[in-house]
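What follows draws every value from the coordinates through simple rules; no lab data is involved. These numbers come from a predicted model, not from an experiment. Glycine also receives a Cβ, built like all others from the backbone with ideal geometry; neighbour counts cover every protein chain displayed.
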Amino acid sequence: MRAHMTRAMDWLQWLCIVWCSIAIVCMTILIFTGVVMRYGFSTGARFAEPMSIFFAVQLTMYGAAACYRSNLHLKLTVFVKMLPEAVGKPIELLVQLLLGAVAVAMIYYGYNLARTTWFQSYPEFESIRVGVVYAAIPISGFIFLLFIVERFVCGQQGVVEDEIEHAIEQAEEQARSLVPE
C-alpha cells in the first residue's frame, strides 16, 4: 500500500512540477511580448498582464505543494535542532498538523473564493473566468493535504536535511582545496 501511495504521490508531484515549468515559460514569453509591444511598437499587449497573473497564481500554488513534498520549502529548523530529540519530535508533529490545518484552510477558503469569482471574467478575456484562476488554491490545498498524509503514512520523502548539510560540507572542502594556502 505504501509503495502505491508513494508512486501516486510521485506522479502527482511530477504533474505539479511540469505545470509549474509550463507556467514559468509562459510567463516569460508573455512578459517579454508585453515589453516588446510596449517599447517596440508603442502599443501595449493587453493580454500579457492578466495571463501572467494567471500563470503566477498557478506557479505559486502548485510549486508550494511540490516543494513541500521534496522537503525544499522554507522552514526554520534552527530552534528545533537546538532542542533535545524528545522535545523536537512532538514539535515536528505539531508543525505537520499546523500545515495540515493550512491545507484545509486553502481548500475551504480557496473553494469559496473560486465559487464567488467563478462568473467574473477578465476584461481582456471574456472566456477566462476569474474563478478558474483561483481554483488553483483549493486544488493545490488538496494536493498539499495528500502530501502531508503521505508524510504521516510513509515517512519523510524528498531531500533530507542531512543530505543537504553533507553536500554543503563537500562543497566547502572542494572550495578550500582550490584556495592556495
**Prompt:** Taking F47, is it among the aromatic types (F, W, Y), out of contact with any His (no Cβ under 7 Å at 6 or more places or on another chain) and surrounded by fewer than 17 Cβ atoms within 10 Å (Cβ to Cβ)?
**Reply:** yes
**Request:** Report, by residue number, each residue of segment 117-145 that is closer than 28 Å to W11 by Cβ, hydrophobic (A, V, I, L, M, F, W, C) and part of a helix (DSSP H, G or I).
**Result:** V132, V133, A136, I137, I139, F142, I143, F144, L145
**Prompt:** On the given criteria, is A23 crowded, with 19+ Cβ neighbours inside 10 Å and under 19 Å from V102 (Cβ atoms)?
**Reply:** no
**Asked** Taking L72, is it within 16 Å of the chain's Cα centre (by Cα) and exposed (fewer than 15 other Cβ atoms within 10 Å of the Cβ)?
**Response** yes
**Number of the condition not met by I91 [criteria: (1) loosely packed, with under 14 Cβ neighbours inside 10 Å; (2) in a helix (DSSP H, G or I); (3) touching a Lys or Arg at 6+ places or on another chain (Cβ under 8 Å)]** = (3)
**Prompt:** Would segment 69-77 turn up any residue that is touching a Ser or Thr at 6+ places or on another chain (Cβ under 8 Å) and assigned to a helix (DSSP H, G or I)?
**Reply:** no
**Request:** Return yes or no: is A23 under 18 Å from V149 (Cα atoms) and aliphatic (A, V, I, L, M)?
**Result:** no
**Request:** Go through segment 10-53 and give me each residue that's over 23 Å from E126 (Cβ atoms), in a helix (DSSP H, G or I) and among the small types (G, A, S).
**Result:** S21, G40
**Message:** Checking the structure you have, find out if any residue of segment 2-19 is surrounded by 15 or more Cβ atoms within 10 Å (Cβ to Cβ), of a type in the set (S, T, N, Q), under 19 Å from V102 (Cβ atoms) and within 19 Å of the chain's Cα centre (by Cα).
**Reply:** yes
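From the list V149, V104, V80, pick out the single residue that is touching an Asp or Glu at 6+ places or on another chain (Cβ under 9 Å), among the β-branched types (V, I, T), in a helix (DSSP H, G or I) and over 30 Å from V35 (Cα atoms). Working first, answer last.
Values: V149 fails: touching an Asp or Glu at 6+ places or on another chain (Cβ under 9 Å); V104 fails: touching an Asp or Glu at 6+ places or on another chain (Cβ under 9 Å).
Only one candidate passes the filter, namely V80.
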